[in-house]
Amino acid sequence: MSHLAGRRRLARSMEQRGDWPARSPWIREAVDRLPRDLFAPDRLWRWDGTAYVPVDRGTDPEGWADELYGDPDAAAVTQVTGGVATSSLSCQAIVVDMLDSLRPEPGQRLLELGTGTGWNAALASRRAGPVTTVDVDASLAEAARARLAAHAPGVRTHVGDGARGVPEYAPYDRVIATYAVDRVPWSWVAQTVPGGRIVTPWGRLGHVALTVAADGRSAGGWIQGLAQFMPARATATARATVEADFTTVRARSPQESESPWKRDLTPLRDDWDLVFALRVALPELRFTVAPDADGLNAWLHDGISSWAMLSALPDATTLAHQGGPRRLADELDHAWETWTRLGTPSRFDYGLTVEPDRQYAWAKNADTGPRWDLAPPEAD
């Protein structure tokens, strides 16, 4: 598949799925004028099941185009560091959805956190301006600067920590992040005008659109969509270093309890509204669900020292084995029951409120709904 054929196929696929937002026709025009291949590096990376392997435009142009245009929901990995994907060209459907959520207007000042290849900033510049973008990786920023100079010369590119924003050009009317955060840096709110809008991936499972309050002392808004996002670089490195897989965590803590598990595990595998609710209630929880000859099984851990295994048995029952200081199966059951009592809200029923010294997620109503405080940051 050539990149020209890929462009057409991806655009048709998004049209068939209804991914082009009717209220933001400028986005499709921007994508047509500034397609992904103009901003993709000559080397992409493909996961082969065990590791990332390079796919070079010069030696495998069709494979390179497949990585870039294969699926509306597929990101193209553009950088691998120590075996971990650390930068990507985000999937086209999500880029479009987030720009639609941002609602930029002509003449508005826009800040982007996470330059990456420069594609998102270039698209935004077709609507808003001036646009400022920042990336912590100097090599990525320099490569993006060259692409932007050729295709979107009005974009200002900086090297720095996105968590700090870019105060020298503040305030901004619109702020958009291209990487996931567990907490929204207060600097983003402080550098946005009252009534301004901030769109960011949150919690690696979706993106949220926040509106800054009239007094500038808070920002809040609803979850807009569901997708997995790459975390901030420092966070990604820390997680790759600190978080262990289930086998490693289990080896640290012997089994301490065994009890019947009475829930059907199918929703834990298939219901993304449940998965999102669990992410809100138990942000440290990591789990995998897979079948064997006896039924569905689940492996849970917190990346440190607690684990649980929900094992299907031949008699169609399930046992919960747990170890470590936390009882993760019990915590999972409690969070699941809370979600059920709330009426099984969808991911779009959740929102986020950001204040200078506090952040919390909520369900159904920011003022009266249930709340989940977010853990304080390691460093804001």
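The values are calculated or read from the model by the stated rules, or taken from the named source; none is laboratory data. Quantities reported herein were computed from a predicted structural model and do not represent experimental measurements. Using ideal geometry, Cβ is built from the backbone for each residue, glycine included, and neighbour counts are taken over all protein chains shown.
A compact table of results
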{"quantity": "Boolean, Arg347 is of a type in the set (Lys, Arg), surrounded by 14 or more Cβ atoms within 10 Å (Cβ to Cβ), farther than 30 Å from Trp186 by Cβ and in contact (Cβ under 8 Å) with a residue 60 or more places away in the chain", "calculated": "no"}
{"quantity": "Count of region 164-195 residues which are at pLDDT below 95 and closer than 22 Å to Gly129 by Cβ", "calculated": "1"}
{"quantity": "Residue count for region 157-177, restricted to those that are basic (Lys, Arg) and either touching a residue at least 40 places away in the same chain (Cβ under 8 Å) or not assigned by TED's automatic domain parsing to the domain that holds Arg147 (or both)", "calculated": "1"}
{"quantity": "Qualifying position, being under 24 Å from Val181 (Cβ atoms), among the acidic types (Asp, Glu) and at pLDDT 95 or above, among Glu337, Glu331, Glu284", "calculated": "Glu331"}
{"quantity": "Where Ala213 falls short, out of the listed (1) more than 16 Å from the chain's Cα centre (by Cα); (2) within 14 Å of Glu112 (Cα to Cα)", "calculated": "(2)"}
{"quantity": "Some residue of region 77-86 being part of a loop (DSSP other than H, G, I, E, B) and surrounded by 20 or more Cβ atoms within 10 Å (Cβ to Cβ)", "calculated": "no"}
{"quantity": "All positions within region 120-155 that are over 15 Å from Leu34 (Cα atoms), surrounded by fewer than 16 Cβ atoms within 10 Å (Cβ to Cβ) and in contact with a helix residue (DSSP H, G or I) (Cβ under 9 Å, 6 or more places away or on another chain)", "calculated": "Pro130"}
{"quantity": "Identity of the residue in region 257-288, touching a residue at least 60 places away in the same chain (Cβ under 8 Å) and charged (D, E, K, R), that ends up nearest to Asp302 (Cα to Cα)", "calculated": "Arg279"}
{"quantity": "Check on Glu284, of a type in the set (Asp, Glu) and buried (at least 19 other Cβ atoms within 10 Å of the Cβ)", "calculated": "no"}
{"quantity": "Top-ranked residue of region 14-27 - restricted to ones that are assigned to a helix (DSSP H, G or I) and under 22 Å from the mean Cα position of the chain (by Cα), ranked as modelled with the highest pLDDT", "calculated": "Ile27"}
{"quantity": "Which listed residue, of Pro106, Pro72, is at pLDDT 95 or above, assigned to a loop (DSSP other than H, G, I, E, B) and assigned by TED's automatic domain parsing to the domain that holds Gly221", "calculated": "Pro106"}
{"quantity": "Filtered residue count, region 180-215, keeping only those that are within 15 Å of Val96 (Cα to Cα) and either acidic (Asp, Glu) or outside any strand (DSSP E or B) (or both)", "calculated": "0"}
{"quantity": "Counted residues, region 41-68 - those being assigned to a strand (DSSP E or B) and either out of contact with any helix residue (DSSP H, G or I) (no Cβ under 9 Å at 6 or more places or on another chain) or surrounded by 14 or more Cβ atoms within 10 Å (Cβ to Cβ) (or both)", "calculated": "9"}
{"quantity": "Residue that is surrounded by the most Cβ atoms within 10 Å (Cβ to Cβ) [pool: residues in region 157-177 that are out of contact with any Gly (no Cβ under 9 Å at 6 or more places or on another chain) and in a helix (DSSP H, G or I)]", "calculated": "Ala163"}
{"quantity": "Residue match in region 302-320 (condition: surrounded by fewer than 19 Cβ atoms within 10 Å (Cβ to Cβ), polar (S, T, N, Q) and within 30 Å of Ala163 (Cβ to Cβ))", "calculated": "yes"}
{"quantity": "Count - residues of region 14-36 that are surrounded by 19 or more Cβ atoms within 10 Å (Cβ to Cβ) and acidic (Asp, Glu)", "calculated": "1"}
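Conditions tested, residue by residue: (1) in contact with a Pro (Cβ under 9 Å, 6 or more places away or on another chain); (2) part of a loop (DSSP other than H, G, I, E, B); (3) assigned by TED's automatic domain parsing to the domain that holds Pro201.
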position: Leu274; (1), (2), (3): yes, no, no
position: Pro291; (1), (2), (3): no, no, no
position: Ser311; (1), (2), (3): no, no, no
position: His321; (1), (2), (3): no, no, no
position: Asp330; (1), (2), (3): no, no, no
position: His334; (1), (2), (3): no, no, no
position: Asn365; (1), (2), (3): no, yes, no
